[in-house]
Amino acid sequence: MNARFSMSRKKALLVTALATIVAAVLPGSAQAGGGGNHDQPNHWGVITRNTIGSPVAELRDGPYGSFGVKGRFARPPYGQGSLGIEVADKSTSLTPPSEVVDFGNEVDFYGDPVLGLKQLGFHVFQTSENVSYGAPNTNMPNIRFEINPNLTAAPTTTFASMVWVPPSPLVVDQWSPYLDATTTGTWFLTGNAGTVTGCGQPSHCSFQQLMTALNDGGAKPIIYTVGVSKGRDFMWIGAVDGLRINRCTYDFERTGVKALCGHDQHPWA
């Protein structure tokens, strides 16, 4: 009896050790789940169902420069990489003919409270050419949340995109300072949610006005997905880095997306 027990115990320990090794070597094998697990790099990528045409959203090194630019604004604010984005304005047979791309996360933020969003923003590499492509309109990438707005006045509306339209940075052909989505630019909701709240297109709202409109006394709005988006409007070729969502900043690197949370956030380190 003792011999059998000893052998079974050894087998159990061996199985446990092997399982631990597999879990350590294969992080992608962890079960996907939302509601606060925001540091899974393998959950970031192009959101295919929201992408039209043949745009590019690729993790890359750089960009550096442009020529003649020196100092911290001549390189990505975090690490050595960024999210490179390229969209065309007249390249499809659709109406409008422009492209759109979403690069984001459909897993880790699912079910999180919209009203819990307190800090949002990013850094952008904007070019003078991009400015001219959109002139006189602002031509910039967006932060886009897909949400259930849970509006008391529209209980059957269970989907809307919540989109930040950032201001054009004061500098071009180099990396911008941090652009704060809670204090600059405007926000809007798509579809019926925008109509009901008064924060639709073209009647955009400030971030605080939008949060007030969504906090209407009923069920709280929840997040489905989060992403960096561009289109469907003007041609744009540039890059984004340091996407801030509350206490975490997402560092886009060629090798993956790194979550820098709390004291790990060091821009231009």
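What follows is calculated from the coordinates using simple rules that are stated; it is not laboratory data. Just so it is clear, the structure is predicted and the values come from calculations on it, not from any experiment. Using ideal geometry, Cβ is built from the backbone for each residue, glycine included, and neighbour counts are taken over all protein chains shown.
From the set of residues in region 132-158 that are surrounded by 20 or more Cβ atoms within 10 Å (Cβ to Cβ) and of a type in the set (V, I, T), which is farthest from E99 (Cα to Cα)? Within region 132-158, the match that is farthest from E99 (Cα to Cα) is I147.
Scanning region 128-157 for residues that are of a type in the set (S, T, Y) and under 21 Å from the mean Cα position of the chain (by Cα) turns up just one, T138. Might you check whether a residue that is out of contact with any Gly (no Cβ under 8 Å at 6 or more places or on another chain), buried (at least 17 other Cβ atoms within 10 Å of the Cβ), touching a residue at least 40 places away in the same chain (Cβ under 8 Å) and over 13 Å from H123 (Cα atoms) occurs anywhere in region 57-75? No, region 57-75 has no match at all. From the list S82, S128, S98, the one residue that fits, being surrounded by fewer than 16 Cβ atoms within 10 Å (Cβ to Cβ) and small (G, A, S), is S128.
Residues are listed down the side, and each one gets a yes or a no for (1) in contact with a Pro (Cβ under 9 Å, 6 or more places away or on another chain); (2) not small (G, A, S):
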position	(1), (2)
P97	no, yes
E106	no, yes
F109	no, yes
L115	yes, yes
K118	no, yes
Q126	yes, yes
G134	no, no
I143	yes, yes
P149	yes, yes
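Taking the numbered list (1) closer than 18 Å to A181 by Cβ; (2) surrounded by fewer than 19 Cβ atoms within 10 Å (Cβ to Cβ) in turn, G217 passes all entries but (1).
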